[in-house]
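Written out below as structure tokens is the structure these notes cover.
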Amino acid sequence: MYKVMIIDDEASSRKLIRNSFDWESFDMQVAGEAASGIEAINTIDEIRPDLAFVDISMPFMNGIEFSEIASERYPDLIIVIMTAHDKFEYARKCVSLHIFEYMLKPMVRSEVIEVLKKAKARLDETGPVAWGETENASEQQSSAMESVMKYIQTNYTDSTLNLTSVAQAFGFSSSYLSRKFKAETGKGFAQYLTECRMENAIKLAGPDVKMFNISARVGIPDPNYFGRCFKKYTGKSYSDYAASLDAQGSGEAPDGGSAGS
């Protein structure tokens, strides 16, 4: 079954697309969503979509910027750009991009169905090689994964860093790097990258430091996505974590009493 990803900063739009179609009739399923291009770049390797609906107007990384990166890394990914009328001609002028279709918002159901039919026909013609299923001929040593870890630690501030870009940097297929990295480190690639970013975010955190400043410095310029990652990693929202640091600095106990009482 083909996987679909919906990338739009409006939750209502994502819900409408997700619930308006009988995806199974096209041999498809909605496998994942993202609220920004940044979030999509960080999660696309886990979702591995065959088809992506991408809104052109998103903060931090718009649909065109996302498509430039995605089409270079995943040449077989089918991208459908969604755009409002005032941005339609701008979108169509981006002829160098690997765009399958441009659609006006709000989208007409019958037109989307036609696009889905065309997309399925294209997918049925392709061999499943978009996600690098071909293994490297020679087995890589554990030292290679150590180099990958150091590379992540050095380049985690790059907001476009993900499994595929690192695999390309080292000459691996994405699937090989994913399996080898997990086998050697005990962690998935995305988990390790997020932990690296969160550990550095913790070092930068403080009561007088705004979350959006830190999120950009650790490679996640979308503060909403950063906030979700930070809370999942630390168990606290950024504001609560920063407040606890302030309390520690003032000598207060976590319950607000005196640290010496």
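In segment 211-261, of all residues being at pLDDT below 85 and in a helix (DSSP H, G or I), the one that is nearest to GLN153 (Cα to Cα) corresponds to LEU245.
Scanning segment 1-54 for residues that are within 22 Å of SER178 (Cβ to Cβ) and more than 16 Å from the chain's Cα centre (by Cα) turns up MET1, TYR2, GLN29. Per this entry, TYR156 is counted among residues that are surrounded by 15 or more Cβ atoms within 10 Å (Cβ to Cβ), farther than 29 Å from TYR2 by Cβ and either modelled with pLDDT under 90 or assigned by TED's automatic domain parsing to the domain that holds THR234 (or both). A count restricted to segment 156-174 and to residues that are within 17 Å of THR185 (Cβ to Cβ) and either of a type in the set (Ser, Thr, Tyr) or assigned to a helix (DSSP H, G or I) (or both) stands at 6. Look at (1) of a type in the set (Asp, Glu); (2) surrounded by fewer than 17 Cβ atoms within 10 Å (Cβ to Cβ); (3) closer than 18 Å to LYS150 by Cα and you find that GLU184 fails only one, number (2).
I'd like to know if segment 181-191 contains one or more residues that are closer than 29 Å to GLU72 by Cβ and either assigned to a loop (DSSP other than H, G, I, E, B) or in the same structural domain as ILE44 (by TED's automatic domain parsing) (or both).
Within segment 181-191, the first condition is being closer than 29 Å to GLU72 by Cβ, and the residues that meet it are 181-185, 187-191.
From the residues that got through so far, the ones that are either assigned to a loop (DSSP other than H, G, I, E, B) or in the same structural domain as ILE44 (by TED's automatic domain parsing) (or both) too are 187-188.
Checking segment 181-191: at least one residue is closer than 29 Å to GLU72 by Cβ and either assigned to a loop (DSSP other than H, G, I, E, B) or in the same structural domain as ILE44 (by TED's automatic domain parsing) (or both).
The values are calculated or read from the model by the stated rules, or taken from the named source; none is laboratory data. Bear in mind the structure is a predicted one, so any value in this text is a computation, not a measurement. All Cβ positions, even for glycine, are placed from backbone atoms using ideal geometry, and neighbour counts span all protein chains on display.
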